[in-house]
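Shown below is the structure under consideration.
The values are calculated or read from the model by the stated rules, or taken from the named source; none is laboratory data. Owing to the predicted nature of the structure, the values given are computational and were not obtained by experimental measurement. For neighbour counting, all protein chains shown are included, and Cβ atoms are generated from backbone atoms with ideal geometry for every residue, glycine included. Please note that ligands, DNA and RNA were not included when accessible areas were found on the heavy atoms of the full protein model with its side chains. Shrake-Rupley method; radii C 1.70, N 1.55, O 1.52, S 1.80 Å.
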Amino acid sequence: MMRRPKISIVGAGNVGATCAHWAAVKELGDVVLVDVVEGMPQGKALDLAQSGPVEDFDGSFVGTQDFRDTANSDVVVITSGMARKPGMTREDLLEANKQIITKVVSASAAQSPGAILVMVTNPLDTMTYLARKVSGFPKARVLGQAGVLDAARFRTFVAMELEVSVEDVQALVMGGHGDTMVPLPRYCTVSGIPLSELMPPDRIEALIARTRDGGAEIVKLLKTGSAYYAPAASTMQMVEAMVRDKKRVLPCAAYLEGEYGLRDLYFGVPVRLGAQGVEKVIELALTEGEMNLVRTSAAAVRRSIEELKL
Ligand SMILES: NC(=O)c1ccc[n+]([C@@H]2O[C@H](COP(=O)([O-])OP(=O)(O)OC[C@H]3O[C@@H](n4cnc5c(N)ncnc54)[C@H](O)[C@@H]3O)[C@@H](O)[C@H]2O)c1
């Protein structure tokens, strides 16, 4: 029997609900929104369903507090947990989100033992590591969203500076989803033209700095929460790559077992995403300077994973 992909989204707050919106508009599948807040995911699911006739999308939209409604999902996106407030780092969320992630991943994995888990909750690399431990899923089926967003921020700033279309700007950001992320300007091109031919080094550095602080810049403006439009769009681009088996090459937090000289941690690297989840980690020949940045970032992720005290 053929059926639409089933996509469950845990946490129906800003990021989760916006993910559901993208899933609907792109007709990625049937959506289940889970949240602890009574009525809220039900209300958002009904509201979203009622935009179907206007925007011409089909699909079922269910809101629930009960993980049994997520049974046999193909993909489970985890966005539940605390978000940053001004002055907080992503690491400040570790303790509170550890409890939430342990609970929701265990419940999700029990209902959907064959699903792919896409983690969004911060601190991202650490929560993705925790999710793999709690679920016991193979590494190909547990990954985290960070690099697509970080690269999208860099691409946006480059396009704004050069006054060109964002469509023509490609970029790659590796590393942990935090202050030590590793934007790689050598791999940034505008319609194939290396960025270094279009912009002086000091401007490239300035845009890298803005990208590193990209999340904090928005937290400071919003005051009551963190970014969600671009994070949700980035997450659902990854989900689309998997449910449509597109084999896209995207930077994601993936489990490393020796790639880039790193082992037993989640870290942002370019991967091929398809129906099997993370189908391949792509290893680049980085320069010594780039590798130093990678090692610094990996050390920060490792310190955070140790904080989990697993
Ligand atoms: N990886 C990224 O690039 C990225 C980007 C943006 C936000 N985030 C992270 O995503 C998370 C969510 O951000 P947000 O802006 O949507 O926050 P939010 O506060 O708007 O939503 C979080 C939701 O989680 C729900 N929740 C809490 N405990 C739950 C549980 N046990 N079961 C089900 N639902 C539960 C809350 O009720 C709330 O509705 C945060 O940790 C944030 O830091 C990550």
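Taking LYS223 and the conditions (1) open to solvent by 20 Å² or more (accessible area, probe 1.4 Å); (2) more than 16 Å from the ligand (Cβ to nearest atom), which numbered condition does it fall short on, given that it satisfies the others?
(2)
Sticking with this structure for a sec: As an exercise: evaluate ARG244 against (1) of a type outside the set (Val, Ile, Thr); (2) away from the ligand (no atom under 12 Å from the Cβ); (3) under 21 Å from ALA152 (Cα atoms) and give the number of the one condition it does not meet.
(3)
Restricting to the range 84-130, and then to whatever is assigned to a loop (DSSP other than H, G, I, E, B) and among the polar types (S, T, N, Q), can you tell me which residue is most open to solvent (accessible area, probe 1.4 Å)?
Checking each candidate, the answer is THR89.
Suppose we filter VAL36, VAL62, VAL77 for residues that are open to solvent by less than 20 Å² (accessible area, probe 1.4 Å) and either farther than 26 Å from SER297 by Cβ or within 16 Å of the chain's Cα centre (by Cα) (or both); which single one remains?
Sole residue among the options that is open to solvent by less than 20 Å² (accessible area, probe 1.4 Å) and either farther than 26 Å from SER297 by Cβ or within 16 Å of the chain's Cα centre (by Cα) (or both): VAL77.
In the range 168-179, which residue that is at pLDDT 95 or above and surrounded by fewer than 19 Cβ atoms within 10 Å (Cβ to Cβ) is nearest to the ligand (Cβ to nearest atom)?
GLN170
Only one of ALA159, ALA140, ALA151, ALA146 is small (Gly, Ala, Ser) and open to solvent by 20 Å² or more (accessible area, probe 1.4 Å). Can you tell me which?
None of the others qualify; the one that does is ALA140.
Looking at the range 54-83, I want the residues that are touching a residue at least 12 places away in the same chain (Cβ under 8 Å) and hydroxyl-bearing (Ser, Thr, Tyr) and have a partner that is within 15 Å of the ligand (Cβ to nearest atom) and in a helix (DSSP H, G or I) with Cβ atoms under 6 Å, at least 6 apart or on another chain. Which pairs are those?
THR70/GLN111; THR79/VAL15; THR79/GLY16; SER80/ILE100; SER80/VAL104
Still on this model: If a residue counts only when it is more than 27 Å from VAL278 (Cβ to Cβ), which strands (runs of 3 or more DSSP E) contained entirely in the range 12-83 have at least 3 such residues?
Fully inside the range 12-83 and qualifying: 61-64.
Residues are listed down the side, and each one gets a yes or a no for (1) of a type outside the set (Asp, Glu); (2) touching a Phe, Trp or Tyr at 6+ places or on another chain (Cβ under 8 Å); (3) under 22 Å from ALA253 (Cβ atoms); (4) touching a residue at least 24 places away in the same chain (Cβ under 8 Å):
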{"site": "LEU172", "(1), (2), (3), (4)": "yes, yes, yes, yes"}
{"site": "SER196", "(1), (2), (3), (4)": "yes, no, no, no"}
{"site": "MET199", "(1), (2), (3), (4)": "yes, no, no, yes"}
{"site": "ARG203", "(1), (2), (3), (4)": "yes, no, no, yes"}
{"site": "ALA206", "(1), (2), (3), (4)": "yes, no, no, no"}
{"site": "THR211", "(1), (2), (3), (4)": "yes, yes, yes, yes"}
{"site": "LYS220", "(1), (2), (3), (4)": "yes, no, no, yes"}
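Which residues, taken from the range 256-306, are open to solvent by 30 Å² or more (accessible area, probe 1.4 Å), touching a residue at least 40 places away in the same chain (Cβ under 8 Å) and in a strand (DSSP E or B)?
Passing the criteria: GLU257, GLU279.
If you don't mind, there's one more thing I want to ask. Among SER135, SER196, SER191, SER165, which is the only one that is closer than 28 Å to ASP92 by Cβ and hydroxyl-bearing (Ser, Thr, Tyr)?
Working: SER196 fails: closer than 28 Å to ASP92 by Cβ; SER191 fails: closer than 28 Å to ASP92 by Cβ; SER165 fails: closer than 28 Å to ASP92 by Cβ.
That would be SER135, the only listed residue that is closer than 28 Å to ASP92 by Cβ and hydroxyl-bearing (Ser, Thr, Tyr).
Quick one: which residue in ARG3, ARG90 is more than 14 Å from the ligand (Cβ to nearest atom) and either under 26 Å from SER106 (Cα atoms) or touching a Cys at 6+ places or on another chain (Cβ under 6 Å) (or both)?
Numbers: ARG90 fails: more than 14 Å from the ligand (Cβ to nearest atom).
Answer to the check: ARG3.
Quick check on the range 195-220: of everything there that is open to solvent by less than 50 Å² (accessible area, probe 1.4 Å) and either in contact with a strand residue (DSSP E or B) (Cβ under 7 Å, 6 or more places away or on another chain) or outside any helix (DSSP H, G or I) (or both), which residue is nearest to the ligand (Cβ to nearest atom)?
Residue satisfying both the conditions and the ranking: THR211.
Moving on to the next point. Name every residue in the range 134-167 that is among the small types (Gly, Ala, Ser), more than 11 Å from the ligand (Cβ to nearest atom) and either part of a loop (DSSP other than H, G, I, E, B) or more than 16 Å from the chain's Cα centre (by Cα) (or both), in order of residue number.
Listed by number, the residues that qualify are SER135, GLY136, ALA159, SER165.
Quick one: count up the residues across the range 7-29 that are open to solvent by 40 Å² or more (accessible area, probe 1.4 Å) and away from the ligand (no atom under 16 Å from the Cβ).
3
Right, another one. Could you tell me how many of the residues in the range 226-255 are crowded, with 22+ Cβ neighbours inside 10 Å, without any contact (Cβ under 8 Å) to a residue 40 or more places away in the chain and farther than 23 Å from VAL25 by Cβ?
Residues flagged as crowded, with 22+ Cβ neighbours inside 10 Å, without any contact (Cβ under 8 Å) to a residue 40 or more places away in the chain and farther than 23 Å from VAL25 by Cβ within the range 226-255 amount to 0.
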